[in-house]
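Following: one structure in structure tokens, then a few remarks.
Readers should treat all values here as calculations from the given coordinates under stated rules, not as data from a laboratory. Bear in mind that the values here come from a model prediction, so they are computed numbers and not experimental data. Note that we place each Cβ from the backbone using ideal geometry, even for glycine, and neighbour counts take in every protein chain shown.
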Amino acid sequence: MQQQSTIPTSGQTPTPTPTPDSSESIPVVPLRHPIRTAIAVVLILVAISAAWDVAANKRYHWDVVISFLFSPQIMTGAGLTLVLTVVSMTVGIALGTVLAIMRLSANPIVSTISRGYIWFFRGTPLLVQLIFWYNIAALYPVIALGLPFGGPSIVIGSANVLISPLGAALLGLSLNEAAYMAEIIRGGIGSVDKGQYDAARALGMNGGKLMRRVILPQAMRVVLPPTGNQVISMLKGTSLVSVLAISDLLYSAQIIYSNNYQTIPLLIVASLWYLLMTTVLSFFQNKLERRYGRGFDVSTRRTRKPKARTAS
Amino acid sequence: MTTAMVEAKGVRKSFGSTEILKGIDLRVERGSVTCLIGPSGSGKTTFLRCINHLEKVDAGRLYVDENLVGYAERNGKLYEMQERQTARSRLNAGMVFQRFNLFPHMTVMENVVEAPIHVLGRPRKDVTAEAQVLLDRVGLGDRGDAYPQELSGGQQQRIAIARALAMKPKLMLFDEPTSALDPELVGEVLDVMKSLAEAGMTMVVVTHELAFAKQVADQVIFMDQGVVVESGPPQDVLGNPQHERTKAFLSKVL
């Protein structure tokens with residue numbers, strides 16, 4: 001069979017060649033979409049001219065962008081942004097899973113505590129939470145392990161020393177993230193068929209094993225897409241920590257442009273790094289989604305046949 | 001007289017204010033096949049789930065293999081079992097569900113070996129070899145790598161039976177195993193169940209397949225509105241029913 005051009009802009013009428021061995025097949029002329037084709041052409045022209053404009057406009061200072069793209073300060077900032085994202089998301093997902101299971105508990109006190117946590121951490125601005133943890137020493141100058149209601153305690157150290165700006169940032173981001181993840185994971189657990197619990201129990205599983213082996217792997221399928229969203233918004237949300245004077249990616253760029261006044265080029269540098277990291281993270285999200293989609297989306301397992309142009 | 005595999009004495013169960021089981025008494029002998037029949041809402045499925053302690057018994061006593069289900073009896077009191085103990089006691093019985101409930105994220109083979117490996121802690125190599133024998137027995141020896149959703153309902157239900165058998169239960173519970181199947185797929189599942197009965201497995205089957213009951217069952221129990229109305233050999237209960245309610249039910253079904 002003849003390979004046909006798939007570009008819709010080609011105005012050629014496809015001439016199907018009859019295949020000799022299948023005499024019963026009828027040639028099919030695909031429906032053409034002239035308006036769709038015209039719109040596509042216009043869009044391509046607009047995109048090309050916009051790109052050309054950006055590339056040719058001297059005021060973007062692409063030379064500055066390139067000179068700072070791999071500067072040590074920017075690279076360190078990007079690294080810190082990545083560390084903040086990975087650590088906060090990891091803690092957030094772990095704590096969120098615990099909160100989700102607590103929220104689903106039959107014990108009303110346990111579920112109410114989880115509900116209260118989620119209510120509080122989702123209901124107050126992240127920026128406020130970050131500044132709160134940064135200033136925790138004002139409320140609790142000394143951190144100690146001890147019995148409640150004024151019982152004996154062991155002093156661990158000064159809050160100012162223990163909770164560094166980075167510590168405050170990680171604490172704020174993780175605890176906030178846990179509240180959102182808890183709701184996402186609760187939704188995922190709720191999406192698993194009740195018959196799965198029956199089947200697992202009938203096979204002698206209980207509590208943790210039932211969750212780990214049967215329920216959570218199935219919940220993952222529902223949990224992953226919104227979690228990918230959370231990771232990406234966390235990556236960019238970490239830029240909030242610049243209020244705590246932590247030199248993350250955006251803050252590093254800000255420091256540089258406050259010296260050399262090249263505001264736009266340095267914001268472009270930061271954006272390029274954010275884009276790159278987002279792209280890499282999305283790639284891993286796709287892989288994970290495929291991994292946990294096994295057995296659900298049956299069509300993805302079968303090798304796709306090339307689209308036949310002839311109907312038999 | 002040998003002891004029964006399942007013995008129920010005045011078993012009661014309510015959901016909220018609705019009483020589903022109003023005092024069930026019955027015996028299931030070892031190596032016998034018991035079919036529970038009756039209109040929907042009669043409590044057959046609930047009773048079956050009580051045998052496996054998927055539902056808690058509110059009153060009365062239910063013994064499986066001489067052990068009280070879900071409770072420990074000490075000093076004239078019944079103590080509710082720890083979840084872990086309950087899970088252990090469930091190992092006596094294998095259960096097959098109306099909607100198969102295979103684990104969709106695992107292949108057929110993984111479904112079958114899951115519990116023997118992760119609950120009983122047996123070596124994977126032994127379990128896999130046994131699982132292959134079981135899959136061959138239900139006629140699906142070549143589908144070990146498939147995922148449940150790639151199989152027909154009848155095939156899924158046969159896998160579910162193999163999965164339950166892999167735990168080497170003393171008793172098999174079937175909850176309307178063919179009700180969710182297309183008519184042409186019912187036969188293949190019933191054939192597997194028949195061969196299981198011939199091999200001497202003790203079985204309790206909730207079913208609407210009266211032909212199967214007539215052919216395979218040693219005992220047929222007709223339940224209605226939470227009580228056992230009539231029980232006995234199939235030729236009596238199905239062929240010559242004594243109670244009006246049994247007659248009314250059979251005349252609608254047959």
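Annotations
- Tally of residues being outside any strand (DSSP E or B) and out of contact with any Leu (no Cβ under 6 Å at 6 or more places or on another chain) across the range B:1-26: 6
- Only a single criterion out of (1) more than 19 Å from the chain's Cα centre (by Cα); (2) without any contact (Cβ under 8 Å) to a residue 24 or more places away in the chain; (3) surrounded by fewer than 18 Cβ atoms within 10 Å (Cβ to Cβ) is not satisfied by A:LEU104, namely (2).
- Subset of the range B:101-149 [among the polar types (S, T, N, Q) and more than 9 Å from chain A (Cβ to nearest Cβ)]: B:ASN111, B:THR128, B:GLN132
- Residues of the range B:76-108 classified as more than 13 Å from the chain's Cα centre (by Cα), closer than 20 Å to B:LYS56 by Cα and among the aromatic types (Phe, Trp, Tyr), total: 1
One line per residue, one yes/no per condition, for (1) out of contact with any strand residue (DSSP E or B) (no Cβ under 9 Å at 6 or more places or on another chain); (2) crowded, with 18+ Cβ neighbours inside 10 Å; (3) of a type in the set (A, V, I, L, M, F, W, C):
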site: B:LYS9; (1), (2), (3): no, no, no
site: B:SER17; (1), (2), (3): yes, no, no
site: B:ILE24; (1), (2), (3): no, yes, yes
site: B:ARG30; (1), (2), (3): no, no, no
site: B:LEU36; (1), (2), (3): no, yes, yes
site: B:GLY43; (1), (2), (3): no, yes, no
site: B:ASP58; (1), (2), (3): no, no, no
site: B:ASN67; (1), (2), (3): yes, no, no
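- Among the helices (runs of 4 or more DSSP H) confined to the range A:125-243, the ones with at least 1 residues that are more than 14 Å from chain B (Cβ to nearest Cβ) are located at A:126-134, A:136-139, A:159-162, A:165-190, A:216-237.
- Among residues of the range B:63-83, those that are closer than 23 Å to B:PRO116 by Cα and away from chain A (no Cβ under 14 Å), counted: 2
- Restricting B:THR86, B:THR18, B:THR3, B:THR45 to residues that are among the β-branched types (Val, Ile, Thr), within 14 Å of chain A (Cβ to nearest Cβ) and over 24 Å from B:PHE212 (Cβ atoms) narrows the list to B:THR86.
- Unique residue being in a helix (DSSP H, G or I) and either more than 31 Å from the chain's Cα centre (by Cα) or surrounded by 10 or more Cβ atoms within 10 Å (Cβ to Cβ) (or both) when the list is A:VAL29, A:VAL65: A:VAL65
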